[in-house]
Amino acid sequence: MLRMNRFFVAALTGLAGLAVGSPAIAQEVVKIGVIGEFSGPFADYGSQILAGMKTYLKLNGDVFGGKKVELIVKDTTGAAPDIAKRVAQELVTQNNVAILAGFGLTPNALAVAPVSAEAKKPMVIMNAATSIITTRSPYIVRVSHTLPQDTQPIAQWAAKNGIKRVFTLVSDYGPGIDAEGAFIKAFKAAGGEVIESVRSPMTNTDFAPFLQKIKDSKPEAVFVFLPPGSQTIAFIKGYEERGLKQAGIRIIATGDLTDDGTLQAMGEPAIGLITSFHYSAAHDSPENKAFLKAYVETNGTKLRPNFMAAAGFDGMAAIAEALKKTGGSVDPDKFLAALKGMKWMSPRGPIMIDPETRDIVQTVYIRKVEKVDGLLYNIEFDKYPDVKDPGKQP
Ligand code: PHB
């Protein structure tokens, strides 16, 4: 209110925007349109991303390169490409945002990519993990992960650890199809055999027919990618109830399956699961400890920070650092040049934006679910450093 009044006075005296005399007057603002899933079955995705962004701002203030950042948040209500595109257009044409950010789900990111390309707006992807997304606009930068990047290490680890015959089950859309392809390629190259591959609808929670099929074909393990939420919880429950564990069929997966946000709800059947992933709330580093502490102080304890929160935090860091480098300019080409090749220490470990692909380069960890002080965590025990998106390698 106070700022509004001052602005009004400045406008009346013909000084609007000049901020002459008082630093408190009309600080220039950079608006960031945050597009995410804040309601519906994927509501935690948007919430975690935004909570991560707010955590960064709590620790570092909200002025970078002389510009104050302001978040304008829009809800896609789920996997809703039409809504995502419409809100992106509104953010650009009506709210005058300089940057688009967020994006939990691939279909929403893909729908907004052409808006970024046409309006020349930097677009920071804070989760959506289908490899191809970054190729859809030269102004996209991804700070999260790709499914091939997180999948390749578990395929190699499984083959090295005596697993030879695998059945794959993935969610039937972009990231699942990427995970399936990356698993088959890397597992075969390491001497393994994929006996069958099935895909389940994105929000499916009835795994009975899939689990029966898997049980009947007697693989040594099932490789799984499902987006975290009721799907992953239902899968683990069904795996336990239908006796796959007793039949000696192991689960190997990307860490989306044992996501920090849903792991506790899976309970005892999740103990011992081995996955590969780029972030664990149990990652042992000073940066992660500071992140976890600030996350709770900023957002409370309703959600345990997960990989989407970490990517929201890192995405906000990338935007802040780019603004510092450009002296507050949001000229899209200068802004992208500032982001390309950027390297820093994230709560997940060292990360870099590949200057060629604008995608994230990071360590992928192999982890095992263990109970620590009565709570379930993914405990890292092996790692593959500097993994680029294999989806972009020839
Ligand atoms: C995606 O839609 O790209 C997506 C969603 C959830 C994940 C990973 C990828 O855990």
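The values are calculated or read from the model by the stated rules, or taken from the named source; none is laboratory data. Worth saying up front: this structure is predicted, and the values here are computed from it rather than measured. Neighbour counts are summed over all protein chains in view; Cβ atoms, including those assigned to glycine, are modelled from backbone coordinates with ideal geometry. For the accessible areas, the whole protein counts, side chains as well, though only heavy atoms, and no ligand, DNA or RNA atoms are used. Shrake-Rupley method; radii C 1.70, N 1.55, O 1.52, S 1.80 Å.
Quick notes on this one:
- Taking amide H atoms as placed 1.01 Å from N in the peptide plane, the amide H of Val364 lies under 5 Å from those of Tyr384, Asp386, Val387, each 5 or more residues away in sequence or on another chain.
- Value of D in µm² per second that Stokes-Einstein yields for the chain, Kirkwood Rh from Cα pairs, at 10 °C (1.306 mPa s): 74
- Straightening the chain between Gln393 and Lys324 buys 21.7 nm, computed as 0.36 nm per residue apart minus the Cα-Cα spacing.
- Taking amide H positions as modeled 1.01 Å from N, with prolines and chain starts lacking one, the residues under 5 Å from Gly104 and 5 or more places away or on another chain are Glu37, Ala128.
- Alpha-carbon centroid distance for the pair the range 215-288 / the range 22-85, whole angstrom: 30
- Number of Lys pairs (Cα under 15 Å; 8 or more positions apart or on different chains) in the range 208-323: 6
- Solvent exposure of the range 189-320 as accessible area per residue, Å², 1.4 Å probe: 37
- The GNM of the chain, with springs linking C-alpha atoms under 10 angstrom apart, assigns the highest mean-square fluctuation among Gly66, Gly36, Gly312 to Gly66.
- Under-5 Å amide H pairs with Arg250, H placed in peptide plane, nonlocal only: Ala221, Val222
- Rg(Cα) / (2.2 N^0.38 Å) computed for the range 99-198, rounded to two decimals: 1.25
- Normalised size of the range 55-148, defined as Cα radius of gyration per 2.2 N^0.38 Å with N residues, equals 1.07.
- Of all accessible heavy-atom area on the range 252-394, the percent that carbon and sulfur account for (1.4 Å): 55
- Fraction of C-alpha pairs exceeding 16 angstrom in the range 349-394: 52 percent, rounded to a whole number.
- Antiparallel DSSP beta bridges within the chain, as percent of all bridges there, nearest 5: 40
- Longest to shortest principal axis, alpha-carbon extents of the range 195-287, angstrom: 47, 26, 23
- What the phi angles of the range 226-240 give under the Karplus curve with 6.51, -1.76 and 1.60, with θ = phi - 60°, is a coupling list of 9, x, x, x, 4, 4, 5, 5, 5, 4, 5, 4, x, 4, 5 Hz, glycine and proline written as x.
- Computed from point charges on the beta carbon alone (+1 for Lys and Arg, -1 for Asp and Glu), the dipole magnitude for the range 321-394 about its Cα centre is near 80 Debye.
- Counting only alpha carbon atoms, the long axis of helix 208-217 and the longest principal axis of the chain meet at about 50°.
- Net charge contributed by nearby residues that have their C-beta within less than 12 Å of Val369 (K/R +1, D/E -1): -2
- The chain - charge dipole about Cα centre, Lys and Arg +1 at Cβ, Asp and Glu -1, debye rounded to 20: 440
- Which listed pairs, of Lys185/Lys340; Lys31/Lys340; Lys31/Lys343; Lys160/Lys368; Lys185/Lys392, have C-alpha distances above 18 Å, in listed order: Lys185/Lys340; Lys31/Lys340; Lys31/Lys343
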